[in-house]
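Right, one structure below, let's go through it.
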Amino acid sequence: MKKILPTCLLLFSLSIFSQEVKKETTTTQNSPTKEAEYPVMDLNNYSFTDDAETNDIIKKSKSSGNNNKLIERANAYFDMLWYAEAAELYDEALNKDKENYTQEILQKAGDSHYYNTNMEMAYHWYKILYDTYKDDLSADQIFKYSHALKGNGKYGKAKRFMRLYSRMKKDAPIESGLTTEASERNEQVLDGILNKKPNSELKNLSVNTENSDFSPMFYNKEEIVFASAKDSSFFSTRKYKWNNQPYLDLYVAKVNQQSDDLKDAIKFSKKVNTKYHEASVTFSPDNKTMYFTRNNYGKKLRRDKNGVNNLKLYMSKKIDGEWTEAVELPFNSDEYSTGHPALSPDGKQLYFVSDMPGSIGETDIFVVDVLEDGLFSSPKNLGPKINTEQKEMFPFINAKKLYFSSNGHVGLGGLDVYEVAYDEDGFKDVINVGQPINSNKDDFSYIINEETQKGYFASNRQGGKGDDDIYSFKNLMVEEVNQNAIAGVVTEIVTGELMPKALIILLDENNIKLKEVLTEDDGSFVFEDLDSNTKYKIQTNKETYFGEELATTTKENEVINVGIAMRKLHEMIAIENGIKKLKTEKIFFNFDKSYIRQDAGEELDKLVSVMNEYPEMRIKIESHTDARGNNAYNKYLSDKRAKSTEKYIISKGIDPNRIISAIGYGEEQLINECADGVSCTRKEHQENRRSEFIIVDM
């Protein structure tokens, strides 16, 4: 069915553009308008349904008012992608009867709110979905849940689900507490974004309306062109059905040089604006050529083989002070969309967004060379350094950096704005521009004057005048200071919850304590005024949690961001085959040795912490080997290792009477089939080399 998308994504939301005016409506100036919320959605599976089919579905779905019919009506709206209507009915049906708590209905209820960026209600239903069906959820469902968590400011818990998403995408084992190197880096990046101090002043512009206003672009030195659904017709205006807002047009407004506000907004050229959508514009350096996005239509809207009306890029020339009829660009297609144009400062490269074949994700950023005589090179994908499996949108490029919005890179929720510097060797690292530009909602269509550090962007964050509002910003000039610091956030490893009041100790590489702080209410901490290019250690300490240690190195004039996850002591207590045990990581010994190595000591220290927490606990120590080697010697060696382990634990202050026994069993109790004469891998043999701590009393 037809997919309805957010106005903020409109210029690449194939849904709004793909919706033909199935019937035109009129409204007086005093007619009520429907307040819509806008989702971040995928751009797949669009189709078209005409009025007769739509009305028939709705008529049938309203034939009864019972709870089953509520679900039928909600499903009908969901299939037509009328998510606001569907969400209301799903809420009613689920609140009436918990028998409706099926995986499908909970998913659709959450999705309906998610696609309208009502992240509070999306989180509500996704949480119930996860708590009820967590073993059956897909990676995509986990991704949505993590974004809903971010949309509610629950960043600690969102990290946990992004780890889970990463492992599911890699088909790795899903075990609580484990994490891939990539997800650990992502968590550190998110911590850095959260810890970065805001460096911009924002203003909501007077030109904003209760409808959508977004996608600003510099035009001359004194004007801004932007897209708006503002209803400027005194008597009537055509509206697109899904949110009852007027169709988008391009407007031009003057810049107040003192306040950076926009004023005196009027519609752009009649040769460019049509009865359908126009938005997202870019201009050549001489302002005589413009590129913009529009529905694919000639005398009527054109559709692909699936009934989708895609987006296309158009070009118009200014001749004798007037813009000419627009022509479409040669790399457009009826089978995919192109939109969101952005010209390089010299006008020789045109960047744009598309879901054309060869895309890495849902929408990617591409570039073409602008040649003479209206010709263009073949589109080139900017590659996986910039494009992700999700959405990249709204590019803007100047002489120093490329800016774009994405929900695929690490961010605060919804679409975030990113910057990436470039030179003759190509693009550098992608960096989140941080707060306050970015929020837990959609932030997009960012433009900036690098000299003045002033610019504009759009957002549907709370506190605006309408659905998407345009904001001006000014980046504050920061004095150059030598800021060597280590900052971080402490979370609980399983739940991802933030951990306030944890003691954080800074040591030098010789383990001499330098400073200590308590984490803030949001789990954050910072050590400032440190030496540059110096190795430090960070230790954590909090009652009922294991102490953690992390090594890091400062850099010249940089803040090093770290993430620390702490684990509760009681999580080491587990029951296996009816036997209660203290679970540690593997206790390794050097070949043919029984002394306690440093890494083994660190694990045994955790065991000691649990025994200190439970003073009545008594244990038995059992040590085992694999089947390789002489049976008698294996038993002798394992017994020495058990006794060595016992001695270490006692040396840490544990009463010897609390250790009932310390016995080595050699190869007598193998946990797999790798006995003498059986061919096994090193990994399979290693499973048998273990120390076990049996809890006798607590």
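The values are calculated or read from the model by the stated rules, or taken from the named source; none is laboratory data. As the structure is a prediction and not an experimental result, all values here were calculated from the model. All Cβ positions, glycine included, derive from the backbone under ideal geometry; neighbour counts span all protein chains shown. For accessibility, only protein heavy atoms count, side chains too; no ligands or nucleic acids. Shrake-Rupley method; radii C 1.70, N 1.55, O 1.52, S 1.80 Å.
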Practice task
Report whether or not Ser284 is open to solvent by less than 40 Å² (accessible area, probe 1.4 Å), over 28 Å from Ser206 (Cβ atoms), modelled with pLDDT of 65 or more and in contact with a strand residue (DSSP E or B) (Cβ under 8 Å, 6 or more places away or on another chain).
Solution key: yes
Practice task
Give the residue, chosen from Glu497, Glu492, Glu450, that is open to solvent by 20 Å² or more (accessible area, probe 1.4 Å), closer than 20 Å to Gly563 by Cβ and in contact (Cβ under 8 Å) with a residue 40 or more places away in the chain.
Solution key: Glu497
Practice task
Taking Tyr403 as the residue in question, decide whether it is open to solvent by 10 Å² or more (accessible area, probe 1.4 Å) and in a strand (DSSP E or B).
Solution key: no
Practice task
Taking Gly414 as the residue in question, decide whether it is under 27 Å from Leu202 (Cα atoms) and at pLDDT below 90.
Solution key: yes
Fill in the blank from the handout: Over region 660-698, the set of residues touching a helix residue (DSSP H, G or I) at 6+ places or on another chain (Cβ under 8 Å), surrounded by 17 or more Cβ atoms within 10 Å (Cβ to Cβ) and more than 15 Å from Ile587 (Cβ to Cβ) is Gly666, Glu667, Leu670, Cys674
Handout entry: Residue pairs meeting the criteria (Cβ under 8 Å; at least 6 apart or on separate chains; first more than 15 Å from Thr117 (Cβ to Cβ) and touching a residue at least 60 places away in the same chain (Cβ under 8 Å), in region 79-91; second open to solvent by 20 Å² or more (accessible area, probe 1.4 Å) and in a helix (DSSP H, G or I))
Key = Asp79/Ile57; Met80/Ile57
Practice task
Note down all Cβ pairs under 8 Å where the first residue falls in region 357-372 and is under 17 Å from Tyr336 (Cα atoms), the second is of a type in the set (Asp, Glu) and surrounded by fewer than 21 Cβ atoms within 10 Å (Cβ to Cβ), and they're at least six residues apart or on different chains.
Solution key: Ile360/Glu389; Gly361/Glu389; Glu362/Asp42; Glu362/Glu389
Exercise for the section: Of the numbered conditions (1) touching a helix residue (DSSP H, G or I) at 6+ places or on another chain (Cβ under 8 Å); (2) in a strand (DSSP E or B); (3) open to solvent by 80 Å² or more (accessible area, probe 1.4 Å), Glu516 fails exactly one; give the number of that condition. Expected result: (1)
Exercise for the section: Out of the residues in region 564-589 that are among the small types (Gly, Ala, Ser) and either out of contact with any Asp or Glu (no Cβ under 8 Å at 6 or more places or on another chain) or open to solvent by 40 Å² or more (accessible area, probe 1.4 Å) (or both), state the one that is nearest to Met617 (Cα to Cα). Expected result: Ala574
Problem - Among residues of region 619-647, those that are in contact with a His (Cβ under 7 Å, 6 or more places away or on another chain) and either surrounded by fewer than 15 Cβ atoms within 10 Å (Cβ to Cβ) or not charged (D, E, K, R) (or both), counted - result: 2
Practice task
Quick one: count up the residues across region 405-455 that are under 11 Å from the mean Cα position of the chain (by Cα) and farther than 19 Å from Phe214 by Cβ.
Solution key: 3
Completion exercise
In region 332-358, anything open to solvent by 20 Å² or more (accessible area, probe 1.4 Å), at pLDDT 95 or above and among the polar types (S, T, N, Q) is listed as Gln349
Handout entry: Selection count, region 524-560, where residues are of a type in the set (Ser, Thr, Tyr) and part of a loop (DSSP other than H, G, I, E, B)
Key = 4
